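The values are calculated or read from the model by the stated rules, or taken from the named source; none is laboratory data. The structure presented is a predicted model; accordingly, all values stated were derived computationally and were not measured. A quick note on method: Cβ atoms are made from the backbone with ideal geometry, for glycine too, and the neighbour counts reach across all protein chains shown. Just so you know, the surface numbers come from the protein's heavy atoms only, side chains and all, with ligands and any DNA or RNA stripped out. Shrake-Rupley method; radii C 1.70, N 1.55, O 1.52, S 1.80 Å.
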Amino acid sequence: NQKKKKLFYFGSIGPGHGLTQLIKSVRFMNKNLNLEIYGWVVDDDYCLKLQKFLIENDLNKRVVLKLNVKDFIWKSKMMNAHLGIALYETKSLSHKFMFPASQKINAYLAASLPVLVTNTKDNKNFLSTYKCGVLTDLNPKLIAKNINLIFKRKNFYNLLKKNSKNAFMGQFNFEKQFQKIKDEINLD
């Protein structure tokens with residue numbers, strides 16, 4: 001399927017989020033794949049380096065970088081995306097154990113997006129249970145290879161998408177999570 005596909009990232013624009021490797025991976029991706037990044041700048045120098053890299057490598061046509069956008073903008077863009085990307089460099093404890101608290105991954109599941117996540121123990125456990133995405137190491141060629149794999153077979157992509165929706169509806173929504181603690185706080 002040669003239809004243009006949108007890869008989606010939202011979050012911090014700064015070190016630790018695999019953005020440099022993700023942007024470099026675009027050079028190795030199928031030409032029908034474009035990357036959209038929506039985020040807030042947490043490191044000005046880092047952001048400037050990303051912008052410079054995009055220009056120097058003529059990637060501006062395939063990578064959209066929008067900074068400090070309102071929630072409703074990135075959320076509406078996410079609803080039209082085809083893949084959610086959450087890459088964390090495990091340089092800090094919060095990133096090493098990010099999965100259980102990742103707003104990003106939860107938002108992707110709510111939008112029924114398959115996910116591409118960093119190859120960590122938490123992410124392996126999650127994907128082995130919910131089967132809604134693919135693991136990758138933070139190497140540009142491997143990131144591209146895994147993204148290309150997701151879109152290579154339509155049935156595989158559709159299964160990942162269906163499983164993302166099921167994970168959100170069956171487990172990762174407010175009502176299900178609240179139900180788990182309702183009895184503990186005696187609100188009846």
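Taking only Cα atoms and a 10 Å spring cutoff, compute GNM fluctuations for the chain and point out the largest among Thr20, Thr129, Thr120.
Sorting by GNM fluctuation, first place goes to Thr129.
Subtract the Cα-Cα distance of Lys66 and Asp45 from 0.36 nm times their separation in residues, and report this length gain in nm to one decimal. Numbers along the way, then the final one.
Working: separation 21, 0.36 × 21 = 7.56 nm, distance 1.60 nm.
Value of the extension gain: 6.0 nm.
GNM, the chain, Cα, under 10 Å: largest mean-square fluctuation among Ile73, Ile23, Ile37?
Maximum among the listed residues: Ile73.
What list of ³J(HN,Hα) couplings, whole Hz, do you get for region 10-17 from phi and the Karplus terms 6.51, -1.76, 1.60, once you set θ to phi - 60° and write x for glycine and proline?
9, x, 5, 9, x, x, x, 10
Given the rule -39500 (n - 2.57) for each run of at least 4 DSSP H residues, summed and divided by the residues of the chain, what is its mean residue ellipticity at 222 nm, to the nearest 500 deg cm²/dmol? Present the calculation step by step, with values, prior to reporting the outcome.
Details: 9 runs with 93 residues, N = 188.
Value at 222 nm, helices only: -14500 deg cm²/dmol.
Applying 1/(1 + (r/R0)^6) with R0 = 25 Å to the Cβ-Cβ distance of Asn57 and Ser12, what FRET efficiency is obtained, to the nearest 0.05? Provide the component values of the computation, followed by the final result.
Values: r = 22 Å, r/R0 = 0.89.
According to the calculation, E is roughly 0.65.
Go ahead and run the numbers for FRET between Ile73 and Phe28, Cβ-Cβ distance against an R0 of 30 Å, rounding to 0.05. Working shown, then result.
Values: r = 29 Å, r/R0 = 0.96.
Approximately 0.55, to the nearest 0.05.
Helix 174-185: angle to the longest alpha-carbon principal axis of the chain, degrees 0 to 90, nearest 10?
40
Quick one: pull the percent of accessible area on the chain belonging to carbon and sulfur, 1.4 Å probe, ligands and nucleic acids left out.
Numbers: 5670 of 10630 Å².
After summing per-atom areas, the C and S share lands at 53 percent.
Compute the long axis of helix 154-170 from its Cα atoms, compare it with the longest principal axis of the Cα atoms of the chain, and write down the angle in degrees, 0 to 90, nearest 10.
Approximately 40 degrees, to the nearest 10.
Using the alpha-carbon atoms, what tilt in degrees (0 to 90, nearest 10) does helix 121-130 show relative to the longest principal axis of the chain?
For 121-130 against the chain, the angle is about 70 degrees.
Working from the pairwise distances between different alpha carbons, so that the mean of 1/r is found and then inverted, what is the chain's Kirkwood radius in Å? Kindly include the intermediate steps, with their values, before the conclusion.
Values: mean 1/r = 0.0586 Å⁻¹.
Hydrodynamic radius (Kirkwood, Cα pairs) of the chain is 17.1 Å.
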